[in-house]
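Trainee: Got a structure for you, questions after.
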Amino acid sequence: MGKVILICGKICCGKSTYAEKLCLENKAVLLSVDEIMLSMFGQHCGDKHDEYAEKTKKYLFHKSLELIESGIDVILDWGFWQKEKRDAVKEFYRSRNIECELHYIDVRDKTWKARLNKRNNAVLIGETDAYFVDENLAAKFESCFEMPDKEEIDVWVKEKQ
């Protein structure tokens, strides 16, 4: 049976880059809500965004079980911003006797803001189809993020100083 790795961190902290590296190292499959949402709806799906994102997550949970039961490791690149949601996801897998690891990407604010600006510039010139995150949206996302406790984290990826 495969295992699942949950990637936790703020938007644009390096989760997707880290997840892609883990996929190569572990011969795992990456399941990304953003990838599906951007493919289906583009940058803007307005008031329906949260509803569509929840439906996408529900679908990906079930797809992850199919993959894991087939012996394939799965990487979930979803952010896992709130402790309550992290706990619920871990319980979802552990109740099915599936190994579940939580990896946290920890970057300094200065680095985070620089990465956010770099990505926004890449979006504007068409180099990537990632979400554009303006200052208001970045502040909203930052206010939603609950820093994990050390006890929650299996792998702490800390920015090199």
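Each value in this text was obtained by applying a stated rule to the coordinates, not by laboratory testing. Model, not experiment: these values are computed from the prediction. Every residue, glycine among them, receives a Cβ derived from its backbone with ideal geometry; neighbour counts consider all protein chains shown.
Trainee: In whole Å, how far is the Cα centre of region 77-140 from that of region 39-69?
Mentor: Centre-to-centre distance over Cα atoms comes out at 15 Å.
Trainee: Another question about this same structure. Going by how many other Cβ atoms sit within 10 Å of their own, how do 128, 56 line up, fewest first?
Mentor: 128, 56
Trainee: For region 4-158, report the convex hull volume of the alpha-carbon atoms normalised per residue, in Å³, without decimals.
Mentor: Output value, Cα hull per residue: 119 Å³.
Trainee: Could you work out [θ]222 nm for the chain from helices alone, using -39500 (n - 2.57) per DSSP H run of at least four and dividing by all its residues? Round to the nearest 500 deg cm²/dmol.
Mentor: -16000 deg cm²/dmol
Trainee: Taking a ≥ b ≥ c as the square roots of the Cα gyration tensor eigenvalues, with a/c under 1.5 meaning rounded and otherwise prolate when a/b beats b/c, else oblate, which class fits region 1-76?
Mentor: Oblate shape, in that a/c is at least 1.5 and b/c is the bigger or equal ratio.
Trainee: Could you tell me whether region 62-148 comes out rounded, prolate or oblate from its Cα gyration tensor? Rule is a ≥ b ≥ c as square roots of the eigenvalues, rounded for a/c under 1.5, then prolate if a/b exceeds b/c, otherwise oblate.
Mentor: Taking the square roots of the gyration eigenvalues as a ≥ b ≥ c, region 62-148 is prolate.
Trainee: If the reach is capped at under 19 angstrom between alpha carbons, list the lysines near residue 3, excluding any in the same chain fewer than eight residues apart.
Mentor: By straight Cα distance, residue 3 reaches 15, 21, 27, 57, 58, 63, 85, 90.
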